[in-house]
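Novice: A single structure is presented below for examination.
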């Protein structure tokens, strides 16, 4: 705990220092960098110490720190239990990487805005997110949550001269506020039931099932908006591309995950939910997962694609949570434990590889000055570092073996399959439904990332405009690999991806620690063994594959030395003049699958296909439209707008009238109190 | 014990191309020809190893590594699969997920290699391969879930080594559905005839062959070999589902297993000779039907309470 | 448990799927004929222990009428109006397939919840009949050509027949009447529809009927 407090105070002091020196770019950046490294180091240390120390004993309350009466209705009461520690771990890793990257990214920024303020806000964001994660009091939690929303709003709208960025920022602000309203009601009900706003007392309270269901619905909407479940996700694909890259990484890796954290915290507090809550969560998770990846397939803008993938991964995480809840409702603790552990581990893994992907996408955008994938291609040769790192990220996000995504997806599969074994017919139906959904998500994600990686980095450049030399390819001069400040954080994240895939035992162990904090139960040692041992065997299979690979490579090397090798153009199958623009684009790659799922989403191809033999001009444009935006939210907002127009007379514009309102309100309050 | 493991690996490494040879022979028989010798796939692989390699200037190391990675992944998946009475070298609770994901890895790298050439035809094939692969993966998982439910095990070796023996008596007709669904998946995954024609090399409707259009020499040999191993693994999986009967005599069982595999290869050859390739836009319907078969079987099992 | 009965019922449902998935009218009719032949065998299997004369009669009538005569007429109708394929169905093939898959699942789950007063020799009988009925509806709703709609109607009738087999012992005459009536209606509907539409509009696309509204 002391370590965390040290880290927090470093952040507070340094953010003040940055603001003080914000006239001088160099000093503020320097302070930012070193304070960030120090604070994240201490933070990681504290999180790890909690996760490791809990190995022996089960008292689930960590080391606490409380100051009485500093906040109205509550107290400044923070503490780290295993759940907080697990999230702190991923949060500090990612904020360290994103922060260093941001430092490198903004160092040669020559615009009008003051980067010092941005850095100070970044520190502030770290502080409030840490507070959200360690708060043990509902009021403190809500206050930190609110400040976090505002701070991240300012960080998102860094490029606020653009109209779309401001709009995205507003959308984020408004939709998360709807969520906060639900959370407020939820915590008030909890507080009323427990007689205290402290999480400890709430956890000790027994909630009746009906009330638990109500609380679940409120939490589902409130945290679901933050997490981006599919009908509530509208802010997500707008906010991520609008923000500067390191902020998108943080947004997708951590801020979105706080919704998951909130749900888990509510589960830790309320514990017993009716069965249908778990089923609802599972169904919404399946919809989010499949829907998210389908929408991602239709995107041509790289950051938007990644943003939709966040929704998909939230879906996978929630599948784990849902099967956990169902298992808990059936009193099948094995299912519950593995499900929760899978959800936690995937949260961590997603934060890491999505951070990696966002950062490398940022490097690509930084170099090519465009986010449109159809204008890229062939960047692997020009940006080797970024290319390899993006490849590692793609392999991890598809859950392919060797990388960390596989481990967590395996855990979720395992939980669902255990569900098939241990539950009754109703439970089996939903677990097998979830297995199908997860398999579909996995396959579609592989499709989507072969598309993204292939179109951006492989082949040759497809661009017809902008950064092209005369000979039709990107001139090497204006495409440069970033320096160590940009590369370092990505390498760190990629290393974690690989480490998590090859040596899964530690992270799975930490995830089990978090699971114990959620369920409040001790996980039997046998179960831990039963989960970790298969993963070690899986590593053996992979190492066997590695041996085969090296044998094959040796044979190949030998043969290549002894038989001739020739370099030519790509074989054009007899066509005479192949142009770079005839390559498969992102849209054409995704077209077959989108055609199959056409009825599930609004998929449009515009443009005229010319029927003449020698067409002079033809155009084709395909787009995927978000259904929930146009079918759910637009009508809703329309109704709200119409309704609020009716109330517009209240706002007269005269100050006097407003003072009258205040006065009237006071009188009403007085009268009410008197009665 | 080690001898057995070694034998398992030997079969896994050596036997697969023979299946392709048998299929080819069967097709030749139906076409009224003598056909290539049974060992032709081995000769092909050997021949390709001594050929010149041609690389496109557009490609990166991904193009060269992909055949090796995919073959290694498929062979690694083979270490999880029991063959006849040979226990697989590695088995663990939940290895079926790894099994499917290793195939996914193999597909992923091959698709990337196709995109690496920057050829529009290969892009086309890559897109189709990824699309159909993702649709067949869900059916694959559903089928494996059914088998797991019936044999109460999550490990391939336990499922296929006796886990299903009582299920045929209980829910026989339903298992036929699963088998049919598996067979369709096998045809899709291994690009056999109703879906794709492994014989043609330059046709816009084809899927798998076009991906490896630019591979040559040793790389192409690896691709061919990997394909044979994949077919072998799928075939032995299907055979283990169909024939659960064992006489518990090691030699007889093994011989019987190989006999089944050979019969199976002949069956594929017959299917290929008697059917025409489907139009490309009909392939998703085939995959849907496989999925529906599987889900139909699953529902009946659930309602029956056969688990 | 009667394995053969199970196998036949599964096959019947799968043939229903094939009908739903095919666009060629000839194939549809052929598969329908196979399906009806198989359905005609169901009473033999169900009442194998205590076979009675009228059961044989009912089954034989069903086999001959549904399996042979109706397909013959349908083929005659195809030749008559010279249509081969269903070109533009209202509901796409893939969607119809997935919907029928869904209908199979839901009818099985539904049937497992229902309680029947009489004992049933196979628990797959009711759900199979439900799924056939739903597939028939899907064909009726989703197809445009009159002949495929007639096939849809007949598939639906097959589903009802399957249900009626249960009542065969209780009220055989009713079932027999039902079969004959159904077929009569089907024949009449087909005759009228096919002849009139082709006479009026020169094709048998039922969408042309939409021009008749006000």
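Novice: Filter the range B:136-146 down to the residues that are in contact (Cβ under 8 Å) with a residue 60 or more places away in the chain and more than 7 Å from chain A (Cβ to nearest Cβ), then identify the one that is farthest from residue A:423 (Cα to Cα).
Specialist: We begin by selecting, within the range B:136-146, every residue in contact (Cβ under 8 Å) with a residue 60 or more places away in the chain; these are B:136, B:138-139, B:142-143, B:145-146.
Retained after the next criterion (residues that are more than 7 Å from chain A (Cβ to nearest Cβ)): B:136, B:139, B:143, B:146.
Numbers: B:136: 27, B:139: 22, B:143: 19, B:146: 15 Å.
Ranking the candidates gives B:136 first.
Novice: If you don't mind, there's one more thing I want to ask. Considering only residues that are in a helix (DSSP H, G or I), more than 21 Å from the chain's Cα centre (by Cα) and surrounded by 21 or more Cβ atoms within 10 Å (Cβ to Cβ), which ones fall in the range A:107-141?
Specialist: Across the range A:107-141, the qualifying residues are A:115, A:116, A:118, A:119, A:120, A:138, A:140.
Novice: Filter the range A:395-426 down to residues that are surrounded by fewer than 24 Cβ atoms within 10 Å (Cβ to Cβ) and more than 9 Å from chain B (Cβ to nearest Cβ), then give me how many there are.
Specialist: Within the range A:395-426, residues that are surrounded by fewer than 24 Cβ atoms within 10 Å (Cβ to Cβ) and more than 9 Å from chain B (Cβ to nearest Cβ) number 4.
Every residue, every condition in (1) in contact with a helix residue (DSSP H, G or I) (Cβ under 7 Å, 6 or more places away or on another chain); (2) in a loop (DSSP other than H, G, I, E, B); (3) modelled with pLDDT under 75, yes or no:
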site	(1), (2), (3)
A:589	yes, no, no
A:614	no, yes, no
A:617	no, yes, yes
A:624	yes, no, no
A:640	no, no, no
A:665	no, no, no
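Novice: Let me ask something additional. Can you find even one residue in the range B:269-281 that is surrounded by 14 or more Cβ atoms within 10 Å (Cβ to Cβ), closer than 25 Å to residue B:174 by Cα and either without any contact (Cβ under 8 Å) to a residue 24 or more places away in the chain or touching a strand residue (DSSP E or B) at 6+ places or on another chain (Cβ under 7 Å) (or both)?
Specialist: To start, the set of residues in the range B:269-281 that are surrounded by 14 or more Cβ atoms within 10 Å (Cβ to Cβ) comprises B:269-273, B:277-278, B:280.
Next cut, closer than 25 Å to residue B:174 by Cα only: B:270-271.
Those left that are additionally either without any contact (Cβ under 8 Å) to a residue 24 or more places away in the chain or touching a strand residue (DSSP E or B) at 6+ places or on another chain (Cβ under 7 Å) (or both): none.
Taking every residue of the range B:269-281 in turn, none turns out to be surrounded by 14 or more Cβ atoms within 10 Å (Cβ to Cβ), closer than 25 Å to residue B:174 by Cα and either without any contact (Cβ under 8 Å) to a residue 24 or more places away in the chain or touching a strand residue (DSSP E or B) at 6+ places or on another chain (Cβ under 7 Å) (or both).
Novice: Could you list, in sequence order, all residues of the range B:63-96 that are free of Cβ contacts under 8 Å to residues at least 60 places away in the same chain and within 7 Å of chain A (Cβ to nearest Cβ)?
Specialist: Once the filter is applied, which keeps residues that are free of Cβ contacts under 8 Å to residues at least 60 places away in the same chain and within 7 Å of chain A (Cβ to nearest Cβ), the range B:63-96 yields B:69, B:72, B:73, B:76, B:90.
Novice: Among the candidates A:645, A:566, single out the residue that is in a helix (DSSP H, G or I) and outside the structural domain of residue A:291 (by TED's automatic domain parsing). Walk me through how you get there before you give the answer.
Specialist: On the way: A:566 fails: in a helix (DSSP H, G or I).
Checking each option against the conditions leaves just A:645.
Novice: Counting just the residues of the range A:434-460 that are more than 20 Å from the chain's Cα centre (by Cα), under 15 Å from residue A:372 (Cα atoms) and more than 7 Å from every other protein chain (Cβ to nearest Cβ), which one comes out surrounded by the most Cβ atoms within 10 Å (Cβ to Cβ)?
Specialist: A:451
Novice: Answer with yes or no whether residue B:115 is facing another protein chain (nearest Cβ under 7 Å) and touching a residue at least 60 places away in the same chain (Cβ under 8 Å). Give the steps one after another, and end with the answer.
Specialist: Numbers: facing another protein chain (nearest Cβ under 7 Å): yes; touching a residue at least 60 places away in the same chain (Cβ under 8 Å): no.
Here the answer is no, as residue B:115 does not meet what is asked.
Novice: Hey, can you tell me all the residues within the range B:1-16 that are in a helix (DSSP H, G or I) and either in contact (Cβ under 8 Å) with a residue 12 or more places away in the chain or buried (at least 20 other Cβ atoms within 10 Å of the Cβ) (or both)? Don't jump to the end; show me each part of the working.
Specialist: Initially, the range B:1-16 is screened for residues in a helix (DSSP H, G or I), giving B:2-14, B:16.
Across the range B:1-16, the qualifying residues are B:4, B:5, B:7, B:8, B:9, B:11, B:12, B:13, B:16.
Here is a yes/no grid of residues against (1) in contact with a helix residue (DSSP H, G or I) (Cβ under 7 Å, 6 or more places away or on another chain); (2) crowded, with 21+ Cβ neighbours inside 10 Å; (3) in contact (Cβ under 8 Å) with a residue 40 or more places away in the chain; (4) within 14 Å of another protein chain (Cβ to nearest Cβ):
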residue	(1), (2), (3), (4)
C:5	yes, no, yes, yes
C:12	yes, yes, yes, yes
C:18	yes, no, no, yes
C:51	no, no, no, no
C:62	yes, yes, yes, no
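Novice: Consider residue C:100 carefully, then state whether it is modelled with pLDDT of 85 or more, farther than 30 Å from residue C:50 by Cα and surrounded by fewer than 16 Cβ atoms within 10 Å (Cβ to Cβ).
Specialist: Values: modelled with pLDDT of 85 or more: yes; farther than 30 Å from residue C:50 by Cα: yes; surrounded by fewer than 16 Cβ atoms within 10 Å (Cβ to Cβ): no.
Taking the combined requirement at face value, the residue does not satisfy it.
Novice: Taking the range B:269-286, which residues are at pLDDT 85 or above and within 15 Å of residue C:96 (Cβ to Cβ)?
Specialist: B:284, B:285, B:286
Novice: Another one. In the range A:539-566, how many residues are within 7 Å of another protein chain (Cβ to nearest Cβ), surrounded by 11 or more Cβ atoms within 10 Å (Cβ to Cβ) and either more than 43 Å from the chain's Cα centre (by Cα) or closer than 30 Å to residue A:376 by Cα (or both)?
Specialist: The qualifying residues number 4.
Novice: For the structure I just gave you, tell me whether residue B:19 is buried (at least 19 other Cβ atoms within 10 Å of the Cβ), in contact with a strand residue (DSSP E or B) (Cβ under 8 Å, 6 or more places away or on another chain) and within 19 Å of residue B:240 (Cα to Cα).
Specialist: Numbers: buried (at least 19 other Cβ atoms within 10 Å of the Cβ): yes; in contact with a strand residue (DSSP E or B) (Cβ under 8 Å, 6 or more places away or on another chain): no; within 19 Å of residue B:240 (Cα to Cα): yes.
The answer is no for residue B:19.
Novice: Restricting to the range B:50-59, and then to whatever is outside any strand (DSSP E or B) and surrounded by 18 or more Cβ atoms within 10 Å (Cβ to Cβ), can you tell me which residue is nearest to the other protein chains (Cβ to nearest Cβ)?
Specialist: Filtering the range B:50-59 for residues that are outside any strand (DSSP E or B) and surrounded by 18 or more Cβ atoms within 10 Å (Cβ to Cβ), the one nearest to the other protein chains (Cβ to nearest Cβ) comes out as B:58.
Novice: Checking residue B:31 against (1) at positive phi; (2) more than 9 Å from chain A (Cβ to nearest Cβ), only one condition comes out false. Which one?
Specialist: Going through the list (1) at positive phi; (2) more than 9 Å from chain A (Cβ to nearest Cβ), residue B:31 breaks only (1).
The values are calculated or read from the model by the stated rules, or taken from the named source; none is laboratory data. From a predicted model like this one, the values you see are computed outputs, not experimental measurements. When we count neighbours, we look across all protein chains shown, and the Cβ atoms used for this are built from the backbone with ideal geometry, even at glycine.
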